[in-house]
Amino acid sequence: MIYDLSKIDIMYIPGVGPKKAEIIKAEAGIHSYRDLLYYFPYKYVDRSKLYKVREIDGTMPYIQLKGKILSFEEIGEGRRRRLVAHFSDGTGIIDLVWFQGIKFILNKLNLREEYLVFGKPAEYGGRFSIAHPDVDKSSELNLTSMGLQPNYNTTEKMKRSAITSAFIQKMQKFVFSKHTEPFQETLTQDIISKYSLVSLDEALHNIHFPESPEMLRRAQLRLKFEELFYVQLNILKYTKDRLLKFRGFVFSKIGPVFNDFYANNLPFELTGAQKRVLKEIRRDVGSGRQMNRLLQGDVGSGKTLVALMSMLMAIDNGYQACIMAPTEILATQHYETITRFLGLLPVRVELLTGSIKGKRRQSILEGVADGSVNILIGTHAVLEDTVEFLQLGMVVIDEQHRFGVAQRARLWHKNTNPPHVLVMTATPIPRTLAMTLYGDLDVSVIDELPPGRKPIKTIHQYDTKREGLYSSIRAQLEAGRQVYIVYPLITESEKIDLKNLEEGYEHIKSVFPDYNVCKVHGKMKPAEKDEEMRRFASGECHIMVATTVIEVGVNVPNASVMVIENAERFGLSQLHQLRGRVGRGAEQSFCILVTKLALSEETRRRIQIMVDTNDGFEIAEADLSIRGPGDLEGLRQSGMAFDLKIANLARDGQILQYARDAAREVLESDPEQKRPEYAVLWKELSMLKKNTVDWSSIS
Ligand code: ADP
Ligand code: MG
């Protein structure tokens with residue numbers, strides 16, 4: 001029985017013992033038989049297939065060759081000393097290379113013997129070689145019986161104690177040999193047949209000891225499905241429980257402020273997408289259910305206006321609203337935009353940031369407490385305990401990825417019932433990821449830019465060609481436009497980066513002596529920073545040299561050129577964010593990605609994606625598939641319930657969709673969790689959750 005397996009310690013597996021068990025537990029998190037069974041190989045190598053030397057093309061993973069060693073050669077001195085065996089199968093020659101154990105190899109291998117060589121080929125100076133290959137006498141290996149060999153991840157520390165991939169495989173073999181009954185199912189028969197899955201027992205066997213590539217594929221499918229199914233069941237169940245627990249404030253009417261604004265203050269027609277999203281929000285806040293909505297919209301798609309109009313719904317129904325931005329600059333900009341939009345409407349808007357102190361602060365806090373402040377705009381400062389609302393009904397969180405789950409939770413508690421929450425992000429989160437991470441949030445998308453925007457032209461330029469770059473910048477300046485020049489800032493080397501920025505700043509001043517240059521970086525005092533931003537926004541200053549502090553939100557429509565230095569050092573999403581700072585006016589805008597000449601294949605691909613598309617979702621999907629979800633900003637703190645062991649969010653979107661459907665069906669047909677046939681699911685879910693922090697209660 002699989003549940004009992006979670007109680008059997010791996011220490012008792014022959015050859016393991018307390019010492020090795022200790023290391024395996026600490027390094028790989030494998031404590032019990034069950035943990036071991038769910039420790040899946042990260043790859044398989046096909047040892048039934050033989051390659052020819054002439055087929056090797058430099059892009060291959062592991063390959064296997066059959067042939068003879070023509071000669072040995074010892075090359076180099078000291079640490080560079082190595083043994084090279086020139087190996088041939090009659091179709092070409094490849095070098096086998098050893099840096100260690102040279103004596104041992106020379107003793108073991110002979111010139112006339114036929115060998116099977118297995119390893120990863122590399123190309124160096126036009127010649128192929130394999131470093132530290134596995135070499136066996138071909139008479140001693142029966143390839144057809146070797147099939148797909150699993151490879152398990154092991155850490156350095158494990159390897160030092162002889163806990164290798166092969167060792168783990170031996171442990172697996174032992175568990176399977178002891179366990180002659182089928183492993184108990186973790187899904188219902190219904191689900192298994194509906195989605196054409198193999199049984200857990202077959203899946204576990206084949207994931208560790210594949211009978212065939214086809215069976216391996218089906219095993220992987222089953223295990224990925226199971227993993228994603230439980231992630232989804234957890235999220236959907238949590239959402240349901242929350243709906244039962246909390247009532248949402250009902251904004252029953254669309255009132256005079258909203259209507260007045262819509263009729264008289266709106267300087268332009270809303271886009272179709274803005275209208276649709278407002279309808280979705282309107283439906284939520286009128287339903288009696290507490291809204292928790294993620295609003296995704298590419299940079300410049302007009303999220304602020306949607307936020308403002310949602311807040312007006314709250315005000316018309318006697319509630320206060322609050323909008324929280326990640327930086328002071330952004331909060332200030334929201335304040336300015338919103339007060340400008342509202343004009344003479346009877347709505348009191350206040351800005352609360354860390355730098356607002358004394359009497360001014362006191363009067364804002366009083367207004368918030370007595371209800372006379374209708375909209376409070378601020379940074380983290382709004383989270384402080386001294387900020388007490390009379391009746392907070394709507395919270396907007398801008399640029400969500402900067403805020404952790406815990407901070408969201410603090411806003412929730414600013415009223416006895418949680419307010420409606422609208423989370424806005426310009427970092428498009430691919431659908432698969434949003435479903436997994438924010439399964440508890442409904443998602444709205446603004447997928448349409450306001451009319452009249454010209455798509456930004458993106459150009460890749462090598463840093464060896466500066467004259468061309470400067471003359472195009474000059475042309476834009478002469479046409480009255482403004483220019484951003486951005487330098488990377490990465491914390492480990494902050495000093496060097498700052499030096500780069502300072503040098504860049506001096507250099508730009510000397511290249512453009514007839515224009516005003518300003519600069520902004522993270523080490524400046526907020527007041528200085530704001531002053532420089534103001535000079536740029538007002539047009540006093542023509543070129544802004546900055547680090548990524550300008551990444552989010554800042555809006556200067558007259559800026560039409562974004563130059564990104566060392567673009568190779570930025571992530572795709574970040575490049576896209578930066579690019580979104582231009583293209584906000586009617587003029588043609590440009591984004592120039594400056595890189596060094598020598599780029600890795602991956603970087604070249606990333607830059608090319610930026611040149612090819614302006615679509616933030618496409619970029620986010622590409623980012624996810626190049627980098628994998630592990631690197632995505634904010635992923636850790638956003639708190640996924642369980643780590644994914646086998647499913648890959650970049651690739652398994654379709655499986656995720658099915659798993660979500662299945663989880664939803666279960667919740668719908670067994671809302672009370674009483675049906676006996678589903679008992680196995682609830683038991684498995686609580687078992688999985690026992691081993692993780694319950695993040696969901698603080699979401
Ligand atoms: P973001 O989604 O990046 O936060 P903003 O809300 O800052 O975008 O909007 C970008 C610009 O587009 C602002 O200047 C805003 O006033 C303008 N805008 C918003 N909605 C529309 C619309 N429907 N038509 C024209 N301009 C719009
Ligand atoms: Mg914005």
- Query: Which of (1) within 37 Å of the chain's Cα centre (by Cα); (2) open to solvent by less than 60 Å² (accessible area, probe 1.4 Å) does GLY76 not meet, given it meets every other one?
  - Reply: (1)
- Task: Need at least 2 residues that are of a type in the set (S, T, N, Q) per element, so show me which strands (runs of 3 or more DSSP E) inside the range 1-90 make the cut, counting only ones lying wholly within it.
- Result: 63-75
- Query: Do you know which residues across the range 310-343 are under 11 Å from ILE377 (Cα atoms) and without any contact (Cβ under 8 Å) to a residue 12 or more places away in the chain?
  - Reply: GLU336, THR339
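So that you can scan it fast, the table gives a plain yes or no per residue for (1) under 23 Å from SER471 (Cα atoms); (2) within 16 Å of ligand 1 (Cβ to nearest atom); (3) among the hydrophobic types (A, V, I, L, M, F, W, C); (4) buried (at least 21 other Cβ atoms within 10 Å of the Cβ):
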site: LYS499; (1), (2), (3), (4): no, no, no, no
site: GLU503; (1), (2), (3), (4): yes, no, no, no
site: ASN516; (1), (2), (3), (4): yes, no, no, no
site: ASP530; (1), (2), (3), (4): no, no, no, no
site: ASN558; (1), (2), (3), (4): yes, yes, no, no
site: ALA567; (1), (2), (3), (4): yes, no, yes, yes
site: SER589; (1), (2), (3), (4): yes, yes, no, yes
- Item | Filtered residue count, the range 197-209, keeping only those that are touching a helix residue (DSSP H, G or I) at 6+ places or on another chain (Cβ under 9 Å) and free of Cβ contacts under 8 Å to residues at least 40 places away in the same chain | 7
- Task: Consider VAL347 carefully, then state whether it is within 13 Å of ligand 1 (Cβ to nearest atom), open to solvent by 10 Å² or more (accessible area, probe 1.4 Å), outside any helix (DSSP H, G or I) and not assigned by TED's automatic domain parsing to the domain that holds SER538.
- Result: no
- Does the range 32-71 hold any residues that are open to solvent by 60 Å² or more (accessible area, probe 1.4 Å) and hydrophobic (A, V, I, L, M, F, W, C), and which are they? LEU50, LEU70
- Message: Name the residue that is farthest from the chain's Cα centre (by Cα), counting only residues in the range 108-146 that are open to solvent by less than 80 Å² (accessible area, probe 1.4 Å) and of a type in the set (Phe, Trp, Tyr).
- Response: TYR115
- Residues that are open to solvent by 70 Å² or more (accessible area, probe 1.4 Å) and either in a helix (DSSP H, G or I) or touching a Leu at 6+ places or on another chain (Cβ under 9 Å) (or both), drawn from the range 659-672: ARG664, GLU665, GLU668
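Answer yes or no as to whether SER196 is in a loop (DSSP other than H, G, I, E, B) and surrounded by fewer than 13 Cβ atoms within 10 Å (Cβ to Cβ).
Answer is yes for this residue.
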- Item | Qualifying positions in the range 593-614 - open to solvent by 10 Å² or more (accessible area, probe 1.4 Å) and closer than 12 Å to THR458 by Cα | GLN608, ILE609, VAL611, ASP612, THR613, ASN614
- With respect to LEU477, determine if the residue is assigned to a helix (DSSP H, G or I), modelled with pLDDT of 70 or more and assigned by TED's automatic domain parsing to the domain that holds ILE564. yes
- Item | Selection within the range 279-308 - assigned to a helix (DSSP H, G or I), away from ligand 2 (no atom under 16 Å from the Cβ) and either farther than 13 Å from SER444 by Cβ or in contact with a strand residue (DSSP E or B) (Cβ under 9 Å, 6 or more places away or on another chain) (or both) | GLU280, ILE281, ASP284, VAL285, GLY286
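Conditions tested, residue by residue: (1) modelled with pLDDT of 95 or more; (2) in a helix (DSSP H, G or I); (3) within 16 Å of ligand 1 (Cβ to nearest atom); (4) of a type in the set (S, T, N, Q).
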| position | (1), (2), (3), (4) |
| --- | --- |
| SER355 | no, no, no, yes |
| ARG361 | yes, yes, no, no |
| VAL373 | yes, no, no, no |
| LYS414 | no, no, no, no |
| LEU422 | no, no, yes, no |
| THR427 | no, no, yes, yes |
- Query: Taking into account only those residues within the range 586-613 that are part of a strand (DSSP E or B) and in contact with an Asp or Glu (Cβ under 7 Å, 6 or more places away or on another chain), which is nearest to PRO455 (Cα to Cα)?
  - Reply: VAL594
- The correct count of residues that are among the hydrophobic types (A, V, I, L, M, F, W, C) and open to solvent by 40 Å² or more (accessible area, probe 1.4 Å) in the range 147-189 is 3
- Could you tell me whether the range 266-275 includes any residue that is open to solvent by 40 Å² or more (accessible area, probe 1.4 Å) and closer than 20 Å to LEU390 by Cβ? no
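Which one of GLU27, GLU77 is acidic (Asp, Glu), on the phi < 0 side of the Ramachandran plot and modelled with pLDDT of 90 or more? I'd like the intermediate steps shown before the answer.
Values: GLU77 fails: modelled with pLDDT of 90 or more.
Unique residue meeting the criteria: GLU27.
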- Residues of the range 306-327 satisfying the condition of being surrounded by 21 or more Cβ atoms within 10 Å (Cβ to Cβ) and closer than 28 Å to ALA527 by Cα: ALA307, LEU308, ALA321, CYS322, ILE323, MET324, ALA325, THR327
- Query: ILE338: at pLDDT 95 or above, under 34 Å from the mean Cα position of the chain (by Cα) and either within 30 Å of GLY522 (Cα to Cα) or polar (S, T, N, Q) (or both), yes or no?
  - Reply: yes
- Message: Please go through (1) buried (at least 18 other Cβ atoms within 10 Å of the Cβ); (2) in contact with a helix residue (DSSP H, G or I) (Cβ under 9 Å, 6 or more places away or on another chain) for LEU330 and return the number of the only condition it doesn't satisfy.
- Response: (2)
- In the range 246-265, how many residues are surrounded by fewer than 18 Cβ atoms within 10 Å (Cβ to Cβ) and either of a type in the set (A, V, I, L, M, F, W, C) or part of a loop (DSSP other than H, G, I, E, B) (or both)? 8
- Query: (1) within 25 Å of PRO557 (Cα to Cα); (2) modelled with pLDDT of 95 or more; (3) of a type outside the set (A, V, I, L, M); (4) in contact with a Ser or Thr (Cβ under 8 Å, 6 or more places away or on another chain): which one isn't true of PHE261, the others all being true?
  - Reply: (4)
- Message: Looking only at the range 230-245, filter to residues that are aliphatic (A, V, I, L, M) and farther than 18 Å from TYR678 by Cβ; which one of those is most open to solvent (accessible area, probe 1.4 Å)?
- Response: LEU244
- Within the range 311-318, can one find any residue that is within 16 Å of ligand 1 (Cβ to nearest atom) and under 23 Å from GLN391 (Cα atoms)? yes
- Would you mind finding the one in PRO526, PRO488 that is modelled with pLDDT under 90 and under 20 Å from LEU593 (Cβ atoms)? PRO488
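Let me confirm something: among ARG636, ARG581, which residue is at pLDDT below 90 and crowded, with 20+ Cβ neighbours inside 10 Å? So that I can check it myself, show each step before the final result.
On the way: ARG636 fails: crowded, with 20+ Cβ neighbours inside 10 Å.
Going through ARG636, ARG581 in turn, just one is at pLDDT below 90 and crowded, with 20+ Cβ neighbours inside 10 Å: ARG581.
The values are calculated or read from the model by the stated rules, or taken from the named source; none is laboratory data. Fair warning: this is a prediction, and the values are worked out from it, not measured in the lab. Don't worry about glycine lacking a Cβ; one is built from the backbone with ideal geometry, like all the others, and counts go over all protein chains shown. All accessible areas refer to the heavy atoms of the entire protein, side chains included, with ligands and DNA or RNA removed. Shrake-Rupley method; radii C 1.70, N 1.55, O 1.52, S 1.80 Å.
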